[in-house]
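Before any comments, here is the structure.
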Amino acid sequence: MAEKSRIGVTGLAVMGANLARNMARRGFPVAVHNRTTSKTQEFMKDFGDEGPFTGSESLQEFVDALETPRTIVVMVKAGPPVDAVIDELAPLLDKGDIIIDAGNSHFPDTDRRAAYCQERGLRFMGVGVSGGEEGALLGPSIMPGGDPEAYAEVEEILTAIAAVVDDTPCCTHVGPGGAGHYVKMVHNGIEYADIQLIAEAYDLLTHVAGLSAPEIGKIFEQWNTGDLESFLIEITGKVLAKTDEKTGAPLVDVIVDQAEQKGTGRWTAIDALDLGVPLTGITEAVFARTLSSLRDERRAASTTLAGPTPGSGSNRDDLVEDIRQALYASKVVAYAQGFAQMRAASQQNDWNLDLGAMATIWRGGCIIRAQFLNRIRDAYAEHPDLDNLLMVPYFTQAVADAQDAWRRVVATATAQGVAIPAFSSSLSYYDGYRRERGPANLIQGLRDFFGAHTYRRTDSDGTFHTRWAQDGSEVSTG
């Protein structure tokens, strides 16, 4: 009798195939399956000699190939396809078997699927995986959520295939239910903001500093040796340096300026609104992608709407350094907002998220891995109940040191007519957060005038209402 496989992977597109290869390369016997049989056959032909694989043409054959209790990784497109696979698998499985959804599922769907499986005696885990196809093969950042006992049974495999930084696997149990997919969602939201900030820096360097794509690529290459060191800064330099084989021009100059999105950034922004967390940078990044999709409208507007025409800026070297500092300060704000959102969600859902652990597992494998995640990890080690990363001395000082440059960049971009929604909204958030008293007193006064929504006073306890349309007197409402 053939040896039973330790784990199964169904869904052999690039991510699923590479996760399976990663497991097999580390000695774990893996059963593989795909709805389209030819895909399984192709996988076995191309990669079958990389490790102990068992190819399965049917789901029943796939399930039978696994040792019990069975562990199955589902790696299909988020949404209805995940439900379809679970519905097909559930009748074939036994009590105690584990289904792992390793795709980019929305965390409420993960909670629903966990309840569905529990009713059938199955265990379900929502596992965030970041790192793209290369990370899936060589070592991603892994964010497992769900039953801790189920995690204990798969921990050996997940930690073995994860990226490793300072001898620490970039994988840890996040929390119950949909916590793993929630953290992955916020990770992706931060990624949206990070990429948008990089795009705005590129736009300024192009249309205000007057630099070419290869020149900007060299700047990003330099920036990657300092406090901005990160995967995204690194690959920005590489993308900008790439020459198009067809035209001889920089490849980036012939790519259509429409950014697509799969929904995780939008989910993050919507959830922040539900939680009441100001998530300006990520939300503006989502809006910027949406605006980019209106290409025909923008082309028409470019010939109709008035505004300054960006030109080469003076003191180019000073401008480049200002942009670097503004990029770093805005990046700090994006991470501060994302971690504040995870803290609020953890409190609301009783997840008990270890935010320092999240920073730790994001240091390697994932798309937003960056040098300063070490600073975030250290901040939460010292202040576990931290409200906002901006209040940590290192980040307080870093943003203070950058704020003059940050303000000059926002002013220059506005004067030159270059849109910088992520830079400017991050600065506005910073200025709003550091204000002891803002203008919301007037907002509440107006709400009380037209809707009798009441207000609180600075000199008295309780709530009050002014009879604006009557005698103008104030009354206590409790």
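Coordinate-derived values only; no laboratory data. Computed from a predicted model, the values in this text were never measured in an experiment. Cβ coordinates were reconstructed from backbone atoms using ideal geometry, including for glycine residues, and neighbour counts include every protein chain displayed.
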Quickly estimate the mean residue ellipticity at 222 nm for the chain, helices only: each DSSP H run with n ≥ 4 gives -39500 (n - 2.57), and the total goes over all residues, rounded to 500.
-17000 deg cm²/dmol
Please work out how many pairs of lysine residues in the chain are eight or more positions apart (or on different chains) and have Cα atoms closer than 28 angstrom.
24
per DSSP, antiparallel bridges as share of beta bridges in the chain, % nearest 5, sits at 40 percent
Dipole check, the chain, charges on Cβ (K,R +1; D,E -1), about Cα centroid: among Ala469, Ile86, Asn388 the Cα furthest to the positive pole belongs to Ala469
Amide H contacts under 5 Å for Gly175, restricted to residues at least 5 apart in sequence or on another chain and with H modeled in the peptide plane, are Gly146, Gly180
Principal-axis tilt of helix 440-451 within the chain, Cα atoms, nearest 10 degrees:
90 degrees
Measure nothing but the geometry: give the 0 to 90° angle between the long axis through the Cα atoms of 280-292 and the longest principal axis through the Cα atoms of the chain, rounded to 10°.
80 degrees
Just to be sure I understand the model, the point goes 7 Å from the Cα along the line to the Cβ. What's the resulting Glu155 to Val14 distance in nm?
3.3 nm
If the chain between Thr168 and Thr303 were fully extended at 0.36 nm per residue, the gain over the current Cα-Cα distance would be 43.1 nm
What is the gain in length, in nm to one decimal, between Met44 and Gln261 on full extension, counting 0.36 nm per residue of separation less the C-alpha to C-alpha distance?
74.9 nm
If the chain between Ser58 and Arg295 were fully extended at 0.36 nm per residue, the gain over the current Cα-Cα distance would be 80.8 nm
Could you line up Val399, Val256, Val174, Val277 from fewest to most neighbouring Cβ atoms inside 10 Å?
Val256, Val277, Val399, Val174
Pick out, in residue order, every one of the chymotrypsin sites (Phe, Trp or Tyr not before Pro) in the range 19-99 that is DSSP loop and has at most 11 other C-beta atoms within 10 Å; say none if there are none.
none
Using θ = phi - 60° and Karplus 6.51 cos²θ - 1.76 cosθ + 1.60, couplings along the range 364-373 (whole Hz; Gly, Pro as x):
x, x, 8, 5, 9, 4, 7, 4, 7, 5
Please order Arg456, Arg298 by the number of other Cβ within 10 Å, starting at the fewest.
Arg456, Arg298
Hey, fewest Cβ within 10 Å first, where do Trp406, Trp267, Trp468 land in order?
Trp468, Trp267, Trp406
Compute the separation of the alpha-carbon centres of the range 61-75 and the range 429-478 and state it in Å as a whole number.
60 Å
Among 257-264, 383-390, 422-429, 223-230, what's the highest-first ranking by average C-beta atoms within 10 angstrom per residue?
422-429, 223-230, 383-390, 257-264
Please find the FRET efficiency linking Leu251 to Thr36, where r is the Cβ-Cβ separation and R0 is fixed at 51 Å, and quote it to the nearest 0.05.
0.95
Along the range 144-157, what does the Karplus equation 6.51 cos²θ - 1.76 cosθ + 1.60 (θ = phi - 60°) give for ³J(HN,Hα), rounded to whole Hz, x for Gly and Pro?
x, x, x, 4, x, 5, 5, 4, 4, 7, 10, 4, 4, 5
Which FRET efficiency value, to the nearest 0.05, is calculated for Arg467 and Ile443 with the Förster distance at 22 angstrom and r the Cβ-Cβ distance?
0.65
Of Val186, Val239, Gly226, which is farthest along the charge dipole of the chain in the positive direction, counting Lys and Arg as +1 and Asp and Glu as -1 at C-beta?
Val239
The distance between the Cα centres of the range 253-310 and the range 111-147, in whole Å, is 30 Å
For Gln118 paired with Asp274, estimate the spin-label separation in nm (one decimal), with each label point 7 Å from Cα along the Cα-to-Cβ line.
1.7 nm
Taking the Cα-to-Cβ direction at Ala400 and at Thr477 and moving 7 Å from each Cα, how far apart do the two end points lie in nm?
4.0 nm
